[in-house]
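*Asks:* Below you'll find the structure I mean.
The values are calculated or read from the model by the stated rules, or taken from the named source; none is laboratory data. Only a predicted model underlies this, so the values are computations on that prediction, with no experimental measurement involved. Cβ atoms come from the backbone with ideal geometry, glycine included; neighbour counts cover every protein chain shown.
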């Protein structure tokens, strides 16, 4: 599942990095970094969005158990509003790499933007479908964020966070219009900003 165009020196420690939560109107953006162990392969890795919730949960546990190192990090709602969602996503990625117990020699990230790190970084479009370590990162990041949004549903009832995880579904927009914004809504995102300025 390695990108065929990528030439990596032998014995290079590679971390895969991905983020989850750029599109929602509420909640943090969560990033994960994973260094897989070639001696303990995890089978069935793929883009987290293409896997059922049950399978994601199972794979996330296996990734955490078998990987040489993994870390989950975040950028909070206020940072998203201050920086913009792209910069907040890159910040969460930086934090996830910094939190690894093992320092990688190369970082591969999903998408077309690279976080500023002290080691080489390569951005790979659709990396979560091409590179196993990026897929692993996308899976544990999504599981972590989904769990958090389910918890936040109890803290802020009525919005349906457990169901839509903060994404701009019809039900979420309807709840937003009826209840107004809560503390975890992103004020810089148009549907929330428009509600607050009307």
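*Asks:* Filter the stretch 71-105 for residues that are over 24 Å from residue 187 (Cβ atoms) and buried (at least 17 other Cβ atoms within 10 Å of the Cβ); which is farthest from the chain's Cα centre (by Cα)?
*Replies:* Residues of the stretch 71-105 that are over 24 Å from residue 187 (Cβ atoms), as a first pass: 71-72, 96-105.
So of that shortlist, the ones also buried (at least 17 other Cβ atoms within 10 Å of the Cβ) come out as 71-72, 96-97, 100, 104.
Values: 71: 11, 72: 8, 96: 10, 97: 13, 100: 15, 104: 19 Å.
The qualifying residue farthest from the chain's Cα centre (by Cα) is 104.
*Asks:* Still on this structure, I have one more. Quick test of your reading of the structure: residue 147 fulfils all but one of (1) modelled with pLDDT of 95 or more; (2) surrounded by fewer than 16 Cβ atoms within 10 Å (Cβ to Cβ); (3) over 17 Å from the mean Cα position of the chain (by Cα). Name the failing condition by number.
*Replies:* (3)
*Asks:* While we're on this one: Residues in the stretch 44-62: is at least one at pLDDT 95 or above, surrounded by 15 or more Cβ atoms within 10 Å (Cβ to Cβ) and not in a helix (DSSP H, G or I)?
*Replies:* No: zero hits.
*Asks:* Do we find that residue 181 is without any contact (Cβ under 8 Å) to a residue 60 or more places away in the chain, surrounded by fewer than 20 Cβ atoms within 10 Å (Cβ to Cβ), touching a helix residue (DSSP H, G or I) at 6+ places or on another chain (Cβ under 7 Å) and over 22 Å from residue 100 (Cβ atoms) in this structure?
*Replies:* Values: without any contact (Cβ under 8 Å) to a residue 60 or more places away in the chain: yes; surrounded by fewer than 20 Cβ atoms within 10 Å (Cβ to Cβ): yes; touching a helix residue (DSSP H, G or I) at 6+ places or on another chain (Cβ under 7 Å): yes; over 22 Å from residue 100 (Cβ atoms): yes.
Criteria met by residue 181.
*Asks:* Additional query: Considering only the stretch 63-94, state which residues are assigned to a helix (DSSP H, G or I) and farther than 23 Å from residue 14 by Cβ. Please lay out each step first, then the result.
*Replies:* Pass one, the stretch 63-94, residues assigned to a helix (DSSP H, G or I): 63-66, 77-83, 85-94.
77, 78, 79, 80, 81, 82, 83, 85, 86, 87, 88, listed by residue number.
*Asks:* Any residue at all in the stretch 115-133 that's under 12 Å from residue 15 (Cα atoms), surrounded by fewer than 17 Cβ atoms within 10 Å (Cβ to Cβ) and touching a residue at least 60 places away in the same chain (Cβ under 8 Å)?
*Replies:* Looking for residues that are under 12 Å from residue 15 (Cα atoms), surrounded by fewer than 17 Cβ atoms within 10 Å (Cβ to Cβ) and touching a residue at least 60 places away in the same chain (Cβ under 8 Å), one finds at least one in the stretch 115-133, hence yes.
*Asks:* Still on this model: Are any of the residues in the stretch 167-177 out of contact with any strand residue (DSSP E or B) (no Cβ under 9 Å at 6 or more places or on another chain), within 30 Å of residue 16 (Cβ to Cβ), surrounded by fewer than 14 Cβ atoms within 10 Å (Cβ to Cβ) and free of Cβ contacts under 8 Å to residues at least 60 places away in the same chain?
*Replies:* no
*Asks:* Another question about this same structure. Quick one: residue 23 ticks every box in (1) under 30 Å from residue 177 (Cβ atoms); (2) in contact (Cβ under 8 Å) with a residue 60 or more places away in the chain; (3) not in a loop (DSSP other than H, G, I, E, B) bar one, so which box is it?
*Replies:* All conditions pass for residue 23, except number (3).
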